[in-house]
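Please read the structure below before turning to the comments.
The values are calculated or read from the model by the stated rules, or taken from the named source; none is laboratory data. Everything quoted here is computed from the prediction, not taken from an experiment. Note that each Cβ is placed from the backbone with ideal geometry, even for glycine, and that neighbours are counted across all protein chains shown. Protein only, heavy atoms only, side chains kept; ligands, DNA and RNA dropped before computing areas. Shrake-Rupley method; radii C 1.70, N 1.55, O 1.52, S 1.80 Å.
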Amino acid sequence: MPSDLSDAFRAHPVYLHHQHTDFNSLQELPESYTWKQQDHEQYPSSKDSFSLQETVPVIDLMDPNAPKLVGHACKTWGVFQVINHGIPTSLLHEIEWAGKTLFSLPPQQKHRAARSPDGVSGYGVARISSFFPKLMWSEGFTVVGSPLDHFRKLWPQDYSEYCDIVVEYEKEMKMLAGRLLWLMLDALGISKDDIKWAGPKGDFKGATAPLQMNSYPICPDPDRAMGLAAHTDSTLLTILYQNSISGLQVHREGKGWLTVPPVQGGFVINVGDLLHILSNGLYPTVLHRVITNRTKPRFSVAYLYGPPSNVTISPLSKLVSPTQPPLYRPVTWNEYLGTKAKHFNEALSSVRLCVPLTNALFDVNDHSNSVQVG
């Protein structure tokens, strides 16, 4: 991640007490991790939210109809799963092994690579924790660029094996992310000529992406705990690999929370806030969270794919017209991360110019309109 993108985090440090909990030593849920019902159900679920009749789409990327299916999933869900994506199963096993090995280290050893309050890389809790009164039952490790410096602190003798796995995984993820982004954009009628920062080869060479490994330990009281609170991603798209343990949920309007069951060898693809802006609102950014498990630990790794930090993202001109004006003002990823650090899930509203309502468009800055945006 370029240094100027890191500036957005340095400008908004996260100071948290009890930052490094030894989860394995806890037999009961501490008060600091106990979420009240209204916090736990910030976005209410309906009784039918876990119905088998509606599930997140699973798309075979070898299917000739994949581009059409991807576009439809983006417009109607903002999330989908992919299989037959070309990433070797052996690499998925290796990144899971490396992550589990890391999180199983003794607490004092993990703390050697702790993320600083104003830092991006290293071991620690989710940055969104500062927006909530209770702590989340999870731990994470963020890799930006090379993991060498941090992994040397964790494994002074044999760090190279772990570094090689992460570097190879990042390389494969970058290629897959570019491929997926073009499928998403192609469904909107967007070509390489429409996105100059994609580069002459259209390979998004300057794209940046932190890698986020997550551990959700066995929880003594899952009904009152939260693994990762509800949020949207500040990315163009996110590629998530999850092990065989369920926990990820997405919020579906009118349906509540839907579990995204792990698909063997598959990835979950989230539309992020920046792609929502780029699509002029045609692709919804997906609200998601993670719940905990009483008997089995869960592991996931997210590739948080974004544009070059200084590139301005705004609704694409092909998607703007007199009847469909731009819904959002231009913003760089660096600026938007700073906005997200201040406003969290209200960040999109803060860069919104107008909002569609009953086939009309209202300027959100016109205070004569009684339209609440949020």
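Overview of values
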| read-out | value |
| --- | --- |
| 5 angstrom amide H check on VAL58, placed H, neighbours 5+ away | GLN81 |
| Longest exposed-site-free window of the chain, the sites being GluC sites (Glu not before Pro) in a DSSP loop that have at most 14 other C-beta atoms within 10 Å | 55-252 |
| Dipole of the chain, positive direction: furthest Cα of VAL263, MET184, ASN280, with charges on the beta-carbon | ASN280 |
| Radius of gyration and Dmax over the Cα atoms of segment 152-196, both given in Å | 17.2, 51 |
| Exposure ranking of ILE245, ILE95 by accessible area [1.4 Å probe, largest first] | ILE245, ILE95 |
| Largest to smallest principal axis extent of the C-alpha atoms in segment 135-178, angstrom | 33, 32, 13 |
| When segment 173-317 is reduced to its Cα atoms, the Kirkwood hydrodynamic radius in Å | 16.3 Å |
| Probe 1.4 Å - accessible area at LYS296, Å² to nearest ten | 110 Å² |
| Segment 70-168 - Kirkwood radius from inverse mean 1/r over Cα pairs (Å) | 15.7 Å |
| For the chain, built as a Gaussian network whose Cα springs stay under 10 Å, the top-fluctuating residue of CYS74, CYS354, CYS219 | CYS354 |
| Selection of trypsin sites (Lys or Arg not before Pro), segment 108-140, meeting DSSP coil and at most 15 other Cβ within 10 Å | none |
| Mean shadow area of the chain, taken as a quarter of the surface of its Cα convex hull (nm²) | 18.9 nm² |
| Positive minus negative residues near HIS111 (Lys, Arg vs Asp, Glu; Cβ under 14 Å) | +2 |
| Gaussian network model of the chain, Cα within-10 Å springs - most flexible of SER314, SER32, SER234 | SER32 |
| Binned Cα-Cα distances of segment 139-217, short to long, each 5 Å bin given as a whole percent | 3, 13, 19, 18, 14, 12, 10, 7, 4, 1, 0 |
| ³J(HN,Hα) computed for each position of segment 335-350 - Karplus, 6.51 cos²θ - 1.76 cosθ + 1.60, integer Hz, glycine/proline x | 5, 5, 4, x, 5, 5, 5, 8, 10, 6, 6, 9, 4, 4, 4, 6 |
| Rounded accessible area per residue of segment 43-167, 1.4 Å, Å² | 49 Å² |
| Calculated from backbone phi, Karplus (6.51, -1.76, 1.60) coupling profile of segment 127-137 in Hz, x at Gly/Pro | 4, 6, 4, 5, 8, 10, x, 10, 7, 9, 7 |
| Sum of -39500 (n - 2.57) over DSSP H runs of 4+, divided by residues of the chain (222 nm, nearest 500) | -7500 deg cm²/dmol |
| Segment 139-222, accessible surface, carbon-and-sulfur percent (1.4 angstrom probe) | 52 percent |
| Mean Cα-pair separation over length for the chain, i.e. relative contact order, pairs under 8 Å, 6 or more apart, % | 21 percent |
| In Å², nearest 10: area of VAL311 left accessible to a 1.4 Å probe | 30 Å² |
| 0 to 90° range, to nearest 10: angle between helix 89-103 axis and the chain longest Cα axis | 60 degrees |
